[in-house]
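Just so you know, all these numbers are worked out from the coordinates, no wet-lab data involved. Quick caveat: nothing in here was measured; it's all calculated off a predicted structure. FYI the Cβ positions are ideal-geometry reconstructions off the backbone, even for glycines, and counts take in every protein chain you see.
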Amino acid sequence: MKIMVIARLFSGLNTLLESGHWEHAGSPAYYHFIRGLDAETSWDYTLCFLLPHPYTGFECKRSLNITNLRSSALIVPYYSLPFSSSFTLIKKAEYFYNKLSQYIAVLPSLIGSNCFYIDRENLLLGAFLLPFKKKIAVRLLGVTESVYLNVTQKRNIYSSLLRYVFTHRNSLFICTRDGSFSDQMGAWLSWKRFYIFFNGIDIERIERNKRREDRPFTIVSVSRLEKNKGQSQLLQAAKHSGVKNIRIILIGEGVERRKLESLAKELELEDRTIFTGKLIHNNAIKYLEEADLVVSLNCNGVFGNNVLEAAQVGLPVIALEHPGCQDENQKYFCMIPRKETTEKTAHAIYRFVKDPDFARHYGEKSQNFSKQQLISWKHRIEKEFVLLDEFYNEKKAE
């Protein structure tokens with residue numbers, strides 16, 4: 001059996017293009033899936049990565065040899081349109097222009113392949129493949145509000161194409177249980193060909209007994225530095241908490257870094273805020289192991305990888321409520337409402353610092369969540385491969 005993987009990789013992309021080496025430098029889901037696929041010698045596979053932005057050295061379609069995988073990767077470029085950074089309408093036109101041009105570029109590679117594995121960013125590609133009796137497995141890193149509403153409520157060309165993909169018998173969905181609209185989407189589909197899992201965890205579980213008192217109270221946030229990830233609210237909350245003996249570590253890189261550095265200076269937190277930049281996974285985990293609290297004010301979902309990894313090392317977690325999340329596992333974390341986010345987070349930080357029993361209570365809740373819900377990436381990928389094997393080998397629907 002031969003599988004064609006088509007994905008638009010955001011995290012870890014620079015590392016791959018610069019080194020030609022498949023490393024755990026971004027999305028763990030893709031890292032572990034492709035490593036597992038590479039080890040499954042009974043399956044042949046090809047890789048096709050669609051660039052999400054212009055990248056020097058990849059101005060035209062080309063093959064990239066990946067030194068530690070059996071397969072090379074076809075890299076398809078992204079082209080900017082003039083003035084797209086200044087005008088929203090041109091930016092939208094650029095997005096759809098690249099969707100179309102990238103799909104046209106990969107068409108020759110699609111011939112002869114019947115089994116496809118695509119990501120959420122390429123759902124529209126599924127609408128083009130399904131009429132040709134292709135089998136499409138889709139990895140959903142959660143379900144955004146836009147996707148959910150388009151599939152379940154809206155009536156336009158785009159929503160019709162998405163609904164066609166989600167309801168087709170030759171589609172299978174493997175969704176990350178990220179605390180977004182995932183459960184609602186699964187329920188709308190009556191859980192037909194829609195499977196939902198927490199991401200795996202491969203770090204050692206640590207049970208903490210008490211906080212270290214020989215250093216400042218350390219708050220860690222692990223995420224790309226983007227507006228919807230909540231780092232600005234974290235900095236403002238830290239200031240409003242009134243606590244002086246704290247240290248804030250922001251792990252990650254992104255377009256908001258300069259603004260966040262300016263904000264830290266404006267709030268007089270620059271001497272207490274560390275911007276680590278992008279780190280390989282093992283180095284990021286070292287910061288987690290030394291932390292006292294993880295704060296995740298991510299607008300996209302409750303159960304990001306940083307929350308799961310914090311629970312695995314026994315850390316209390318502050319997380320942001322999500323309007324689509326109905327998951328009872330929220331009870332294990334200190335949840336912050338969408339309204340008055342900064343004020344509520346400031347109050348929670350103050351209490352975690354000043355009340356050791358409160359912090360210990362939520363640390364124990366994190367540990368309980370980890371023990372009851374989390375499994376290794378090896379077992380997580382094994383479950384996925386069982387589903388894929390059954391799906392790809394069953395008779396295709398007409």
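In table form, for the structure just shown:
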read-out: Rounded Å value of the spacing that divides the Cα centres of the range 312-377 and the range 1-69; value: 34 Å
read-out: Residue-wise HN-Hα coupling along the range 224-241, computed from phi with Karplus coefficients 6.51, -1.76, 1.60 (Hz; x: Gly, Pro); value: 4, 7, 9, 4, 7, 8, x, 5, 5, 5, 5, 4, 5, 5, 4, 5, 5, 5
read-out: Where trypsin sites (Lys or Arg not before Pro) fall in DSSP loop in the range 123-224, at most 12 other Cβ within 10 Å; value: 133, 155, 192, 210, 212
read-out: Kirkwood Rh (inverse of mean 1/r, distinct Cα pairs), the range 62-125, angstrom; value: 13.9 Å
read-out: Cα convex hull volume per residue for the range 252-398 (Å³); value: 176 Å³
read-out: 5 angstrom amide H check on residue 274, placed H, neighbours 5+ away; value: 248, 249, 250
read-out: 0 to 90° range, to nearest 10: angle between helix 157-167 axis and the chain longest Cα axis; value: 90 degrees
read-out: Kirkwood Rh and Cα Rg combined as Rg/Rh, the range 189-328; value: 0.99
read-out: Cα long-axis angle, helix 341-354 against the chain (0 to 90 degrees, to the nearest 10); value: 50 degrees
read-out: Other-chain or far-sequence residues with amide H under 5 Å of residue 4's (modelled H); value: 46, 115, 116, 117
read-out: Percent antiparallel among DSSP beta bridges (both partners in the chain, rounded to 5); value: 10 percent
read-out: Amide H contacts under 5 Å for residue 201, placed H, 5+ residues apart; value: 375, 376, 377
read-out: Viscosity 0.890 mPa s, temperature 25 °C, Stokes-Einstein D of the chain from Kirkwood C-alpha radius, µm²/s; value: 110 µm²/s
read-out: Whole-Hz couplings from phi, Karplus 6.51/-1.76/1.60, listed for the range 279-285; x for Gly and Pro; value: 10, 5, 4, 4, 6, 5, 5
read-out: Nearest 10 degrees, 0 to 90: helix 257-266 Cα axis against the chain principal axis; value: 10 degrees
